[in-house]
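Have a look at the structure below, then the notes.
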Amino acid sequence: FTGNSSRRHIINTQSLVAALATSTTPSQRNLASSTSLAMTSSFDTGYLNAQDATDLDVELMSTPGFSLEQLMELAGLSVAEAVYEVGTDGNDGAKKKRVLLVCGPGNNGGDGLVAARHLFHFGFQPTVVYPKRSTKPHFINLVQQLDDLNIPILDEIPATVATDNDDDGENKDHYDIIVDAIFGFSFRGTAPREPFATAITQMITMQTQQSSLLISVDVPSSWNVDGGDMTEGLKFQPDVLVSLTAPKLSAKKFTRRHFVGGRFLPPGLAEKYGIRMPPYPGVSQVMELSKPKEAPSKEEVDDGEMDWALQYQAYLDEQEKERGESDTEDDEGEEDEVEGEEWAKEYAAYCAEKEKEFFEANKPKE
Ligand SMILES: NC(=O)C1=CN([C@@H]2O[C@H](COP(=O)(O)OP(=O)(O)OC[C@H]3O[C@@H](n4cnc5c(N)ncnc54)[C@H](OP(=O)(O)O)[C@@H]3O)[C@@H](O)[C@H]2O)[C@@H](O)CC1
Ligand SMILES: [K+]
């Protein structure tokens, strides 16, 4: 694979999408429209308002159907995967990070409890803040599971965490990542009641003064579920949002890194509620909906039969923009080669094979 031959692997995106758009199956047509959106670096899942999110939740858990335990486990796993993704950038060595998970009184809090357990198993150091513990059996079990892993469970965010650094410039209670699992789609009113109002203020302090990465589960806590950020006074602006099942209306006002997770929605229900499951990559429970100015990760491009081609095209476009039209020659043996270029070569070989398979499978019928 040389720089010049890379041109051969560039797929004509427009014609691919056009071919898919006229495909006979709805899933292929959906893929066409989703992939063309992916090229503009975002995937349109559609949005749920608070009422629809509640109705969908009820419908998923109608009998016979899913149990809350099942859905919460998958939701919490999605959150943990997103934390891994943004907390390590895929670099396993960086995952010993301290994560503070602030859990509210409802199921959003339950997602946080589940995420804490998965994060422990991923190698992170989680601490949970759970001020208003649910007495429901499943929540008692979730707490017990955390106890069994010796994960600290606190009643409040310690004052020392949200204060300025020590004299030596270090804050020993510093958390690299904060997970906001306080309120989800059932938040009501215009302001959070205590003790959560204080917790949210402390989280803002940690984010703005100590550079902790703030990740919200499903809805940024204190935001109006349908309206977005109405919290002029609080100014709660997470760095990352992990929407579950589909983004709530408020997510339209969210402009930072946005993931969707909760890979369990049956197509029939998705259609009924006018939302679309994103093309989750590989076996992942989450997908990033928008990632400005970054090439797709290897996992993302590994997805599906056609998504790879379109995403690889996006990657190449990005590369071309950055380095100009002339691709560099194959510099085999040069030690200091940029990691991304190595990946591109490796991936181009993979793409060549997939490209062949794709055109074989999509040969005109006549
Ligand atoms: N289908 C899915 O995708 C799945 C979704 N899942 C998750 O469930 C989440 C929805 O969970 P949920 O319905 O239990 O409610 P949630 O948002 O956690 O909060 C309710 C609590 O907050 C309280 N509260 C409300 N307003 C308040 C205020 N102003 N100030 C203070 N407190 C206030 C309210 O108290 P109350 O007003 O009733 O006294 C109640 O205790 C959803 O977002 C997702 O994360 C998964 O687990 C499963 C699959
Ligand atoms: K939240």
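Here the strands (runs of 3 or more DSSP E) wholly within the range 171-251 that include at least 3 residues being closer than 19 Å to residue 52 by Cα are 240-244. All of 138, 118 fail the test of being more than 22 Å from residue 241 (Cα to Cα), open to solvent by less than 40 Å² (accessible area, probe 1.4 Å) and modelled with pLDDT of 95 or more, apart from 138. The sole residue among 179, 143 that is modelled with pLDDT of 95 or more, closer than 18 Å to residue 96 by Cβ, surrounded by 14 or more Cβ atoms within 10 Å (Cβ to Cβ) and within 16 Å of ligand 1 (Cβ to nearest atom) is 179.
Residue-by-condition table, conditions (1) assigned to a helix (DSSP H, G or I); (2) within 16 Å of ligand 2 (Cβ to nearest atom):
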site	(1), (2)
70	yes, no
81	yes, no
85	yes, no
105	no, yes
110	yes, yes
115	yes, yes
121	yes, no
133	no, no
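The requirement of being open to solvent by less than 50 Å² (accessible area, probe 1.4 Å), within 16 Å of ligand 1 (Cβ to nearest atom), in contact with a strand residue (DSSP E or B) (Cβ under 8 Å, 6 or more places away or on another chain) and at pLDDT 95 or above is not satisfied by residue 71. Taking the conditions exactly as written (among the acidic types (Asp, Glu), closer than 27 Å to residue 126 by Cβ and within 13 Å of ligand 1 (Cβ to nearest atom)), does residue 239 satisfy them or not? For residue 239, the condition - among the acidic types (Asp, Glu), closer than 27 Å to residue 126 by Cβ and within 13 Å of ligand 1 (Cβ to nearest atom) - is not met. Restricting attention to the range 182-191, the residues being buried (at least 16 other Cβ atoms within 10 Å of the Cβ) and more than 6 Å from ligand 1 (Cβ to nearest atom) number 1. Per this entry, residue 283 is not counted among residues that are open to solvent by less than 10 Å² (accessible area, probe 1.4 Å) and either among the hydrophobic types (A, V, I, L, M, F, W, C) or free of Cβ contacts under 8 Å to residues at least 12 places away in the same chain (or both). Within the range 180-224, the set of residues being closer than 14 Å to residue 242 by Cβ and away from ligand 2 (no atom under 11 Å from the Cβ) comprises 213 only. Residues that are in contact (Cβ under 8 Å) with a residue 24 or more places away in the chain and near ligand 1 (Cβ under 7 Å from one of its atoms) within the range 192-210 comprise 192, 196, listed in sequence order.
The values are calculated or read from the model by the stated rules, or taken from the named source; none is laboratory data. As the structure is a computational prediction, the values presented were derived from the model and not from experiment. Here the Cβ is made from the backbone with ideal geometry for all residues, glycine too, and neighbour counts use every protein chain on show. Note: areas computed on protein heavy atoms with side chains; ligands, DNA, RNA excluded. Shrake-Rupley method; radii C 1.70, N 1.55, O 1.52, S 1.80 Å.
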